[in-house]
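All remarks here apply to the structure that follows.
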Amino acid sequence: MFPTHRPRRLRNHPQLRRMVRENILTTSDLIYPLFAVPGEAFAKEVTSMPGVYQLSVDKIVEEAKEVYDLGIPAIILFGIPADKDTDATGAWHDCGIVQQATEAVKKAVPDLIVIVDTCLCEYTSHGHCGYLEVGDLSGRVLNDPTLELLKKTAVAQAKAGADIIAPSGMMDGFVGAIREGLDSAGFEDIPIMSYAAKYASAYYGPFRDAADSAPQFGDRRTYQMDPGNGREALKEIALDIAEGADMLMVKPALAYMDIIWRVKEATNLPVAAYNVSGEYAMVKAAALNGWIDEERVVMETLTGFKRAGTDLILTYHAKDAARWLKN
């Protein structure tokens with residue numbers, strides 16, 4: 001008795017395996033996150049994220065040029081202001097750090113797509129994503145007043161030259177509010193990439209070092225999603241689509257590939273996944289200790305996101321991945 005079907009026939013040669021490969025990662029899939037800080041000629045490595053830096057605007061421009069030369073089509077900007085307050089002034093002020101970085105990058109590398117994170121946690125003195133009741137120590141953000149701050153922030157970012165607005169605060173109605181604000185200001189052609197299914201995740205730890213955005217008290221579980229929920233993600237994306245989202249994001253990615261798949265099956269919009277800081281840090285730590293082959297693990301992980309259904313991948317591995325793809 002011999003097997004009737006022999007799938008191994010199509011695995012016998014590298015070229016044959018390449019010909020029948022179902023999902024292919026390219027540099028066009030990648031988005032590289034950058035962290036802008038005040039100052040000049042400043043670059044400080046994030047201890048928990050080897051290879052990732054807080055950068056002054058001039059250094060952001062240098063990175064943007066390198067990213068573009070590697071064939072990566074987009075960056076996403078996060079900002080760490082010099083001063084923080086309860087009104088998140090640094091987020092929506094015309095001279096905010098992300099607005100400065102956006103203007104500088106678009107002037108230096110006009111064909112690079114600049115996505116801006118539209119959130120408030122890096123800019124508030126308490127580290128939460130909007131207004132709180134006076135005296136509140138739980139971190140329960142006031143939803144509707146915060147929408148007005150997000151509208152102002154998105155408009156300021158669009159004025160600075162942002163190509164895509166990416167709201168991440170998980171406020172109810174935030175996509176609709178931002179769409180209204182952008183349209184009213186004459187930016188009806190600026191798309192919104194919504195962090196539609198953003199979970200309250202322990203994988204964000206190193207990011208909070210990079211963005212200096214850890215809550216001073218409480219947590220974000222009253223506005224970010226419970227990790228045990230799947231159907232709720234479909235509800236969230238349906239609401240964002242109805243409010244005018246142009247692209248949808250799932251965050252984190254690695255432990256939520258089932259959610260990526262379900263979101264992709266439920267919509268025709270482009271789906272992004274954020275390969276977050278904790279996912280990156282674990283790989284880097286294991287690689288630095290010689291426990292894994294970093295290139296193979298990273299490329300397998302990113303290809304897995306593609307297989308799950310993502311169209312775009314926000315990842316700190318983007319520059320390395322682009323180099324490996326070229327080789």
Long-range amide H contacts for T86: which residues qualify at under 5 Å (H placed 1.01 Å from N, peptide plane, sequence gap of 5 or more or a different chain)?
-> S125
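Can you quote the Å³ per residue value for the convex hull of the Cα atoms in the stretch 156-258, rounded to an integer? Present the calculation step by step, with values, prior to reporting the outcome.
Values: hull volume 12.4 nm³, N = 103.
It comes to 120 Å³ per residue, whole-number rounded.
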Output the direction-averaged projected area (hull surface divided by four) of the convex hull of the alpha-carbon atoms of the chain, in nm².
-> 19.0
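Explain nothing, just the number: dipole magnitude of the chain about its Cα centre with +1 on each Lys and Arg Cβ and -1 on each Asp and Glu Cβ, in debye rounded to the nearest 20.
Values: 34 positive and 45 negative charges, 377 e Å.
So the magnitude is around 1820 debye.
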Across every pair of different alpha-carbon atoms, what Kirkwood hydrodynamic radius in Å does the stretch 260-327 reach?
-> 12.8
Measure nothing fancy, just the Cα-based angle from helix 231-243's long axis to the longest principal axis of the chain, in degrees from 0 to 90, nearest 10.
-> 60
Debye intensity ratio in log₁₀ form over the Cα atoms of the stretch 175-327, taken at each q of 0.11 Å⁻¹ = -0.49
Cα-Cα over 19 Å, subset of K107/K152; K65/K107; K59/K106; K44/K106; K159/K319 = K107/K152; K44/K106; K159/K319
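Order of 147-160, 43-56 by packing, highest average Cβ count within 10 Å first? Write down the numbers at each step before the final one.
Details: 147-160: 23.1, 43-56: 17.2.
With the highest mean Cβ count within 10 Å placed first, the list reads 147-160, 43-56.
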Using packing as a proxy for protection, rank 85-91, 269-275 so that the peptide with the highest average count of other Cβ atoms within 10 Å comes first.
-> 269-275, 85-91
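What's the long-distance tail for the stretch 1-72, i.e. % of Cα pairs beyond 19 Å?
Numbers: 1509 of 2556 pairs.
Value for the stretch 1-72 (Cα pairs over 19 Å): 59 percent.
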Counting DSSP beta bridges with both ends in the chain, the antiparallel % (nearest 5) = 10
Principal axes of the stretch 71-170: Cα extent on each, largest first, Å | 47, 24, 20
Per-residue ellipticity at 222 nm attributable to helices in the chain (runs of n ≥ 4 DSSP H, -39500 (n - 2.57) apiece, nearest 500 deg cm²/dmol) works out to -11500 deg cm²/dmol
Near K284, which aspartates and glutamates are there with a Cα under 13 Å away, not counting those fewer than 8 places off in the same chain?
-> D293, E294, E295, D320
Taking the Cα atoms only, what angle lies between the long axis of helix 277-288 and the longest principal axis of the chain, rounded to 10 degrees?
-> 50
Please report the base-10 log of the normalised intensity I(q)/I(0) for the stretch 97-136, using a Debye sum with one equal scatterer per alpha carbon and no solvent, at each q in 0.27 (1/Å).
-> -0.89
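Rule-based calculations on the coordinates, nothing more; no lab input. Since the structure is predicted, the reported quantities are computational estimates derived from the model, not experimental observations. Every residue, glycine as well, gets a Cβ built from its backbone with ideal geometry; the counts of neighbours run over all protein chains shown.
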